[in-house]
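Step one of this worksheet: look at the structure below.
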Amino acid sequence: MGHMEGLARLLIYIGLFILVMGIILLGLSRLGVTGFRLPGDIYIRRENFTFFFPITTMLLISLVLTILFNLLGRR
């Protein structure tokens, strides 16, 4: 398998993953699940201003994806 073919397969897998996650999120939003906040996420609400910075959520997603890609890359 050439270098370009491997990159093409990786991009296809990433695209399929994004598609599946989008379908799951769409389904959850239709069920009334609007999201979640973990302890450590920054959420500030004022009269006409809302600021949300999901730092803990981003770190958790990064950790899970790092482990997943490392496991898939060791084949």
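The values are calculated or read from the model by the stated rules, or taken from the named source; none is laboratory data. Everything numeric in this text was worked out from a predicted model, so none of it was measured. Glycine also receives a Cβ, built like all others from the backbone with ideal geometry; neighbour counts cover every protein chain displayed.
The table below lists the values:
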{"quantity": "Filter pass, THR34 being at pLDDT 85 or above, out of contact with any Phe, Trp or Tyr (no Cβ under 8 Å at 6 or more places or on another chain) and of a type in the set (S, T, N, Q)", "calculated": "no"}
{"quantity": "Candidate set from region 1-22 (those that are surrounded by 10 or more Cβ atoms within 10 Å (Cβ to Cβ) and more than 18 Å from LEU68 (Cα to Cα)); member that is modelled with the lowest pLDDT", "calculated": "GLY22"}
{"quantity": "Hits in region 23-56 (condition: in contact with a helix residue (DSSP H, G or I) (Cβ under 8 Å, 6 or more places away or on another chain), hydrophobic (A, V, I, L, M, F, W, C) and surrounded by 10 or more Cβ atoms within 10 Å (Cβ to Cβ))", "calculated": "LEU38, ILE42"}
{"quantity": "Any pair with Cβ under 9 angstrom, 6 or more apart, that starts in region 47-71 at a residue that is within 19 Å of PHE36 (Cα to Cα) and ends at one that is of a type in the set (Ser, Thr, Tyr) and surrounded by fewer than 11 Cβ atoms within 10 Å (Cβ to Cβ)", "calculated": "THR50/TYR43; PHE51/TYR43; PHE52/TYR43; PHE53/TYR43; PRO54/TYR43"}
{"quantity": "Any chance LEU65 is under 19 Å from ILE14 (Cα atoms) and surrounded by 11 or more Cβ atoms within 10 Å (Cβ to Cβ)", "calculated": "yes"}
{"quantity": "Enumeration of residues in region 18-59 that are outside any strand (DSSP E or B), of a type in the set (A, V, I, L, M) and touching a Pro at 6+ places or on another chain (Cβ under 9 Å)", "calculated": "LEU38"}
